[in-house]
1. Choose one of Gly523, Leu442, Ala508: the residue whose Cα lies farthest towards the positive end of the charge dipole of the range 429-538 (beta-carbon charges +1 Lys, Arg; -1 Asp, Glu; about the Cα centre).
2. For Met385, Met563, what ranking results if the residue with the fewest other Cβ atoms within 10 Å of its Cβ goes first?
3. Would you mind ranking His493, His188, His292 by Cβ crowding within 10 Å, fewest neighbours first?
4. Over 30 Å between Cα atoms: which of Lys400/Lys522; Lys373/Lys460; Lys408/Lys460; Lys400/Lys557 fall into that group?
5. Using alpha carbons only, how many angstrom separate the centre of the range 466-489 from the centre of the range 334-352?
6. Based on alpha-carbon centroids, what's the gap between the range 3-44 and the range 289-306 in Å, whole number please?
7. Loop only per DSSP, at most 11 neighbouring Cβ atoms within 10 Å: give me the GluC sites (Glu not before Pro) in the range 368-468, ordered by residue number.
Amino acid sequence: MVRRRLAVRFGLQLAGAGLLLVVLAAVILVWILAKFEEIEIRRNFAPTGISRLISKSQTDDNGLIADPVLLERLRQDGGWLQSLDDDGNVIQSFNAPGDLPERYVPGQLMDYWIGGEPYPYRLGLWIQEKEGVTYTLLYGSRSPTEDLLSRLIDDGKLEDGRLAFSAATLEMLGQRDGWVQVLDRNGHEIASWERPEESPTTYALQDLALQIANNDGVGTLMDTRYDQKTGYTWVYQYPMSEAQRHAMPIPGMMPEVQVMIGGLVAFLLGALLLFIVLSIWYANRFGTPLIHILGAIRRLGAGVYPELPPQQPKRRKFSFRRKDSRKRRNRIFGEVFESLETLTAALRTGREAAERTQRTREEWIAGVTHDMKTPLASIQGYAHMMAAGKYSWTEEEVRKFASVILEKSEYMDKLINDLSLTYRLRSGDLPVEFEMLDVRDLLQEAVIRASGRPEYEAGKVQCSVPSTTVLSELHPPWFERIVDNLVANAFLHNPPETVLSIALTHGADGQSWRIDFADNGKGMDEETLERLFDRYYRGLNTESGAEGSGLGMAVAKELVQAMGGRIEAHSELGQGTVVSLIWDRRDGERIRLADPQAEKDVG
């Protein structure tokens, strides 16, 4: 059960963790795609930026209400937009310079667009539908260094591998903090101005193409112009602005690579955080109960058993857990905790039983030793007196000594026989045959024998039986021994005026029956009542006579249980005592003689 519960719990939790990782990966993928789009817009506003501008714009009667962020990006890119109607008329303009026409002839616009006719701007045409309206946007851009390159070609002079410019051109160059190189047809530098030493002096076709296309990957921007008159290529390079550097956290690395690395790092950090949270959760959810279990096992191994709380209504159970919330949290280990609680209760009960047994054994030994030594001392004393040669004893004195020796030896024999009987009953080594008898007749005969002793006054024992037959399987000698012991116990420990009433009654079901021995004596305290049936708890010495061995009540209990009944006692100081023999089992259903519970009850 616990294994299946753990498997289901771990499976669901790992599936949930996997689902969270999938969601995290999807979110990061969307973020990467959005960043790629931003990079593309930054490099070239058209066509991605135009498409986003249309999709994010709102419309009114005057046309598009563009996103201010995208318009700012358009301005930084150095481009402009014009919205045209079907006839080529300009409806709206965004960041448009003043030299643009207000209307485009369709054929002429096509020539501008495909480069058939010279135009000062690079054009892009974008047609997109939004909310049922088709928008035609004309995008134009011009490199921020295009005019500067034209001025450099017109104003620059080559002198011995060096370039010379006018003051106005130098002022324009100083605004961007860049440098100029002039390359021949083979890509070799023939002249330069303010070129850094680490900058290359030779460029292959691939070098120029890659650096112009991905100039934001090296931290500098490059623009070129080919002079058809001289066959020279003019190259102008300048560093990125602060905003451009801020957009590229790792200089010299492609922005796409940076985004992918950032996405991968974010995924790994998210996965790490998820695993840390899961680890903490698992440690709290499963580690804490395991620590409690191990601690409980260590305490049990050290012999420390937590005490059960006072009896609570609704069968409130003792728990190793301190709070109900912790109990709910540890439901998965509920069976383990219940087993530990059961084991703790069993070990505690066993230890208490062992302690009681040890105390009882010591009391037995002390009592039996005392009661054996006293008659033995009498026997030894009289024997020494009879064996002494310096004394001459008369025949009457010898008979008196022999009578005392016989009385003490009979007492010792009865004590030994009672001890042997209790142990044989407990071990089951006493096979007997039970007879179906009328309890009424058997009880009356046993009471007559038990109360017929000279030391009991007449009329002190009263016996009543029902008019109907009470049949049960019993062993007559044992039954008589039980009655004799109970009658003797009632008079032996009570004042002489005590009266004993014995009553046999039928149970309501017609099968059970009971015998109550009620006296009006002095009663017993709680401790004596609790240990009434312990072996040799009420030890007698020889000064009290030889009537009891101190095992009478223990023998009675063993015999009652052996015949399928049970014995109970109720008493209060000054109120007398009631000892009940109860047979509420089916005929023939008897307690096993070696029953561990019976063994525990008798000490």
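None of the figures in this text is laboratory data; all of them are computed from the coordinates on show. Just so you know, these numbers come straight off a predicted model, no measurement behind them. Here Cβ is always computed from backbone atoms with ideal geometry, including for glycine, and neighbour counts include all displayed protein chains.
1. Gly523
2. Numbers: Met385 13, Met563 20.
Going from sparsest to densest Cβ surroundings: Met385, Met563.
3. Working: His493 17, His188 11, His292 20.
Listing His493, His188, His292 from fewest to most nearby Cβ atoms yields His188, His493, His292.
4. On the way: Lys400/Lys522 36 Å; Lys373/Lys460 34 Å; Lys408/Lys460 28 Å; Lys400/Lys557 37 Å.
Cα-Cα > 30 Å for Lys400/Lys522; Lys373/Lys460; Lys400/Lys557; rest within.
5. 41 Å
6. The two parts, judged by their Cα centres, are 43 Å apart.
7. On the way: sites: Glu395, Glu396, Glu397, Glu407, Glu410, Glu433, Glu435, Glu445, Glu455, Glu457; in loops: Glu433, Glu455, Glu457.
Answer in residue order: Glu433, Glu455.
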